[in-house]
Amino acid sequence: MTNFDFLKKIDNNLYDIITEAEKLYTSEFFEQCIGQTRRFGEQMCKNILASKRQYDGSFDEMLATLKDCANSIPEIEFIDDLYFLKKQGNISVHSSTVKRDGILAFECLQRAFEASINYAVLYKKGSKTILKKQYDINLLMTGKPSLKEEFEERSEKIKKKKPSKPKKPASRQVYTMKTSNKHKKPIFWIFVGISSVISAILLLIMFLLNL
């Protein structure tokens, strides 16, 4: 893995150029690393202007053209990073002595990283999630992301997973019992009632006959 893996699908040629710069850095060829980051910045300029069918001249002329067209803060920051890479690359290439400045070489890699993010989002319609990325020194030196970077990547993958739809509970069948307003009288009590009436009538008849 490298810090520039996101660039592979966007522009494989730029990816090859900048990963070569990272290899030069880890091998402690700092001057060559700085020169390679300058080459990276210049190639990005060429790609942008070629897509817009604008003048393709020297690095300075291309940067001036981009600067005239800049309308947003990210575009201005992108151009500033490219100016820095151009300046340091020129100094490194034309220097009469070898400085072996590892700190400056690392800063060039960081600037190239920031520039590549803006290039991907502004000019290549890359995903805006790239903007959250930060240059990882551990990934540069070991090829493995730091624990923080790995944790963030796993968190993003978990967020992207769609939650499974909860199963609908089986509908319960509800039974209602209707109570009848009419209370049915038992046969026994009907029989008792009739017998009582008959007995009363007979007693009344016997009473009348005795008079």
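The phi-based Karplus calculation (6.51 cos²θ - 1.76 cosθ + 1.60; θ = phi - 60°) puts the 3J(HN,Hα) values of region 108-121 at 5, 5, 5, 5, 5, 5, 4, 5, 5, 5, 5, 4, 5, 7 Hz, whole numbers, x for Gly and Pro. To put it simply, the accessible area of region 1-148 at a 1.4 Å probe is 50 percent carbon and sulfur. Residue separation of Lys46 and Asn138 scaled by 0.36 nm, minus their Cα-Cα distance, works out to 30.0 nm of gained length. Each listed q (0.16, 0.20, 0.31, 0.33 Å⁻¹) maps to a log10 I(q)/I(0) for region 73-118 from the Debye sum over equal C-alpha point scatterers, namely -0.45, -0.64, -1.12, -1.19. Taken per residue, the accessible surface of region 1-142 reaches 54 Å², heavy atoms only and a 1.4 Å probe. For region 35-72, the list of chymotrypsin sites (Phe, Trp or Tyr not before Pro) that fall in a loop by DSSP and count at most 16 other C-beta atoms within 10 angstrom reads Tyr55.
How big is the C-alpha Rg of region 28-79 next to the rule-of-thumb value 2.2 N^0.38 Å, as a ratio? Show your work: numbers first, answer last.
Numbers: Rg = 12.4 Å, N = 52, 2.2 N^0.38 = 9.9 Å.
Normalised Rg, Cα atoms only: 1.25.
For Ser127 and Gln54, what does the FRET efficiency come to when R0 = 25 Å and r is the distance between their Cβ atoms, rounded to the nearest 0.05? Walk me through the intermediate numbers first.
On the way: r = 26 Å, r/R0 = 1.05.
That pair, Ser127 with Gln54, gives E of 0.45.
Each Lys or Arg adds one and each Asp or Glu takes one away; over the other residues whose Cβ falls under 11 Å from the Cβ of Leu85, this sums to 0. Potential lengthening of the chain between Ile198 and Lys23 amounts to 50.8 nm, from the contour at 0.36 nm per residue minus the alpha-carbon distance.
The values are calculated or read from the model by the stated rules, or taken from the named source; none is laboratory data. Predicted, not measured: the structure shown is a model, and the values here were computed from it. Note that each Cβ is placed from the backbone with ideal geometry, even for glycine, and that neighbours are counted across all protein chains shown. Please note that ligands, DNA and RNA were not included when accessible areas were found on the heavy atoms of the full protein model with its side chains. Shrake-Rupley method; radii C 1.70, N 1.55, O 1.52, S 1.80 Å.
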